[in-house]
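Since the structure comes first, as structure tokens, the remarks are kept for the end.
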Amino acid sequence: MNILVINSGSSSIKYQLFDMSDERTLAEGVVEKIGEQTGALTHEAYGSGEKAEIVEERAFRDHHEGLVRIGELLGGPETAALGGAADIAAVGHRVVHGGETFQDPTIIDDRVMEVIRENIPLAPLHNPPNLLGIEVAMAIFPGATQVAVFDTAFHQTLPMAAFLYALPFELYEKHRVRRYGFHGTSHAYVCERASAYLKRPLDGLRLITLHLGNGASMAAVKNGKCIDTTMGMTPLGGLVMGTRSGDVDPALPFFLADHLNMSLGDIDRLLNRESGLKGICGSNDMRDVIDMAEAGNERAAIALDVYIYRIRKFIGAYAAALEGLDALIFTAGVGENAPYIRRRCCEGLAHLGIAPDRARNAGNKPGISEISAGDSRVKVLVVPTDEELRIAQETERVIRK
Ligand code: ADP
């Protein structure tokens, strides 16, 4: 069975085609700068050991034009010769906000479309392009079952104590203001991988997952159920990120408006795009920040201190929420590739049973690696995430049901 995964953003469409018999990637690519004068498409098709790459620099007027071209390439000789894309049984769509309605991936019908639309106020930047991707995919792949996989779904098990903000209760009842959490697909995937690696069922495991990419979030997972997560109603809350502030005093916007005359739009931009690592030291790329700090740049060193301190604080908080800890799991760009960050996040936490091994941590092997010392009570793991594969697996599971 071939499954196509689509991640449709405001100006780009990422896609990956899987042969689910062995979870092999047949083709993948991205259309970028949709709607701009100069766009680009990169398409790669894989065979056993061979790869065909197509790069097109041209404008893509809209999502429809982009997806039509993707459809042509997937059905074209480059892909077909290497495994065949002809029968796409299903398309799995990444949908950012499923609100409180969706705890699981769902076959898309009119009602599901309507609910994704109703959730636009909760994710104004993400849900509209997600919807557009679904509409276009329905037209271009009419024979395929369309499935929505939600970023928020994994966190729907949060207890009210963890998801409710201390605001007038009507805001929750009438407007669904609450913590939702994001990166759910990734948190769920690395938990399952860790459980398989540790040869222990999820039931009985207390896990903290650290998804540290450009966006970053942590989750506390008990018996396979998420019980808390750092992002909130939107993906702005929680950890320090590449360009996002994470948690700040909720009164900060009043100060910015009153004393610096900033508009709501200015404040939004400041917190989402000009803060985080970039706000403190000028770069949101962790590689640069670490290099700068090593070269003696004081701001970069401060940015790292703030970034790491926030993570450590949540490790402590989640160890308390979970009433103990069995494993700590690092994933995503920074989590998988930055031993320095992992080391500093774990240092001095022996009282929680966390004992990293310097040499194991320093290496960066592909696949899952265990970076805790042999006698560490808490296993510390690096588990590469694969959100596309997880969306494909979930899509297959739904359509087989
Ligand atoms: P996204 O949230 O965009 O999916 P990724 O998970 O790809 O992000 O993570 C991007 C981040 O990972 C960037 O900040 C990048 O600097 C960081 N990163 C990638 N490789 C390394 C590395 N070798 N060392 C430190 N940071 C890295």
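Readers should treat all values here as calculations from the given coordinates under stated rules, not as data from a laboratory. Nothing here was measured: the structure is a model prediction, and the numbers come from that model. Here the Cβ positions follow ideal geometry from the backbone for every residue, glycine too, while neighbour counts run over all protein chains shown.
Here are some notes:
- Checking the stated criteria, Asn261 turns out not to satisfy the condition of being in contact with a strand residue (DSSP E or B) (Cβ under 9 Å, 6 or more places away or on another chain), of a type in the set (S, T, N, Q) and free of Cβ contacts under 8 Å to residues at least 40 places away in the same chain.
- Tally, over segment 294-307, of residues that are within 20 Å of Leu210 (Cβ to Cβ) and buried (at least 18 other Cβ atoms within 10 Å of the Cβ): 3
Here's the yes/no breakdown for (1) away from the ligand (no atom under 13 Å from the Cβ); (2) acidic (Asp, Glu):
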position: Asp258; (1), (2): yes, yes
position: Arg287; (1), (2): no, no
position: Asp291; (1), (2): no, yes
position: Ala317; (1), (2): yes, no
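- Residue in segment 330-343 that is away from the ligand (no atom under 16 Å from the Cβ), touching a residue at least 12 places away in the same chain (Cβ under 8 Å) and either surrounded by fewer than 17 Cβ atoms within 10 Å (Cβ to Cβ) or not small (Gly, Ala, Ser) (or both) present: no
- In segment 191-221, the residues that are within 12 Å of the ligand (Cβ to nearest atom), hydrophobic (A, V, I, L, M, F, W, C) and touching an Asp or Glu at 6+ places or on another chain (Cβ under 9 Å): Leu212
- Residue that is farthest from Thr234 (Cα to Cα) [pool: residues in segment 135-162 that are hydrophobic (A, V, I, L, M, F, W, C) and within 19 Å of the chain's Cα centre (by Cα)]: Val147
- Each residue in segment 378-401 was checked for being basic (Lys, Arg) and in a helix (DSSP H, G or I), and 3 of them qualify.
- Taking residues in segment 272-295 that are under 19 Å from Arg343 (Cα atoms), and partners anywhere that are near the ligand (Cβ under 10 Å from one of its atoms) and not hydrophobic (A, V, I, L, M, F, W, C), the pairs with Cβ atoms closer than 7 Å and at least 6 places apart or on different chains are Leu277/Gly242; Leu277/Ser283; Leu277/Asn284; Val289/Ser283; Ile290/Tyr340; Met292/Ser283.
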